[in-house]
Amino acid sequence: MNVLTDNFSLFSAGFLGTVELTVYSSLLALALGSVMAAFRVAPVRSLRVFGTAWVTVLRNTPLTLLFFAVLLGLPRFGLVLPFTVFAVLALGCYTSAFICEALRSGFNTVPTGQGEAARSLGMTFGQTLSCVVLPQAFRAVIPAVGSILIALTKNSAIAGAFSVTELLGTYRPLSELGYNIVWTFIWIAVGYLVITGVLSALFNLLERHWGVAR
């Protein structure tokens, strides 16, 4: 217990760092994932190609390699930002590929007649997608999106290797100070369980209120 009480400020900083990474990366992933899902089903071929390439590249690239590409590659092109912002970009872009595919699978649950009805009323592709298809698709994939964002929370641990303050990285200074490494990892695991537990409860609530009845 003294590992936690003696270093509560250190654990708190790491915990809040992981929460910050999770929140901002999730928002970016949901936004980009929705856009790429729209591209995947767009009537314009160039958009479909771009969306397919985005998903194919990011889903098949190791996240650690993507971190290296963002944190070490972008500054070479003159884009210098705080490491936390780079970590959010890497996590958000990587996760957006999985969000995209989850939403695209949700599109298949929406009856095609609804899209045809919307078009017969004069609605454009963007209006049909945003007002008719996407809201229903999201309802169908709430559990899948929740699982993806929980995985994002755990993936954020990689950011600690790139000088970003997050929960897992607290083990290094504590190990150097001679604290029991087993108890250190136990408290780190408890921190992750708290975050993922809150996410799980949130998506369970969303599923009960908005989810599609099976």
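With the Kirkwood sum run over all distinct C-alpha pairs, region 9-114 has a hydrodynamic radius of 15.1 Å.
By the equivalent-ellipsoid construction on the alpha carbon gyration tensor, region 72-214 comes out with semi-axes of 40, 22, 9 Å, ordered largest to smallest.
Compared with the dominant principal axis of the Cα atoms in the chain, helix 45-59 is inclined by about 20°. The alpha carbon centroids of region 62-127 and region 157-214 are separated by 24 Å.
Taking Cα atoms only, the orientation of helix 83-107 departs from the longest principal axis of the chain by about 40 degrees. Gain on full extension, evaluated as 0.36 nm per residue between SER200 and ILE186 minus their Cα-Cα distance, stands at 3.0 nm. With R₀ fixed at 45 Å, the C-beta to C-beta distance from VAL85 to GLN114 puts the FRET efficiency at about 0.70.
With semi-axes defined as the square roots of five times the eigenvalues of the C-alpha gyration tensor, the equivalent ellipsoid of region 58-115 measures 33, 11, 8 Å, largest first. For the pair PHE8 and LEU72, label points projected 7 Å from Cα toward Cβ lie 4.0 nm apart.
Express the accessible area of the chain per residue in Å², computed with a 1.4 Å probe while the remaining protein chains stay in the model. All intermediate terms of the calculation are to be shown ahead of the outcome.
Values: 11500 Å² over 214 residues.
Ligands and nucleic acids excluded, the result is 54 Å² per residue.
Normalised Debye scattering of region 1-51 at q = 0.16, 0.17, 0.23, 0.28 Å⁻¹ gives log10 I(q)/I(0) of -0.60, -0.63, -0.80, -0.92, counting only Cα atoms as equal scatterers and leaving out solvent. Rounded to the nearest 500, the 222 nm mean residue ellipticity of the chain from helices alone is -23000 deg cm²/dmol, with -39,500 (n - 2.57) taken per DSSP H run of at least 4 residues.
When the solvent-accessible area of region 1-71 is split by element, carbon and sulfur atoms take up 71 percent of it, the probe being 1.4 Å.
Averaging 1/r over each pair of different alpha-carbon atoms in region 92-155 and inverting the result gives 12.6 Å, the Kirkwood hydrodynamic radius.
The values are calculated or read from the model by the stated rules, or taken from the named source; none is laboratory data. Fair warning: this is a prediction, and the values are worked out from it, not measured in the lab. Counting neighbours? That spans all protein chains shown, and the Cβs are built from the backbone with ideal geometry, glycine included. The protein model used for the area step is the full one, side chains on, heavy atoms only, and it has no ligands, DNA or RNA in it. Shrake-Rupley method; radii C 1.70, N 1.55, O 1.52, S 1.80 Å.
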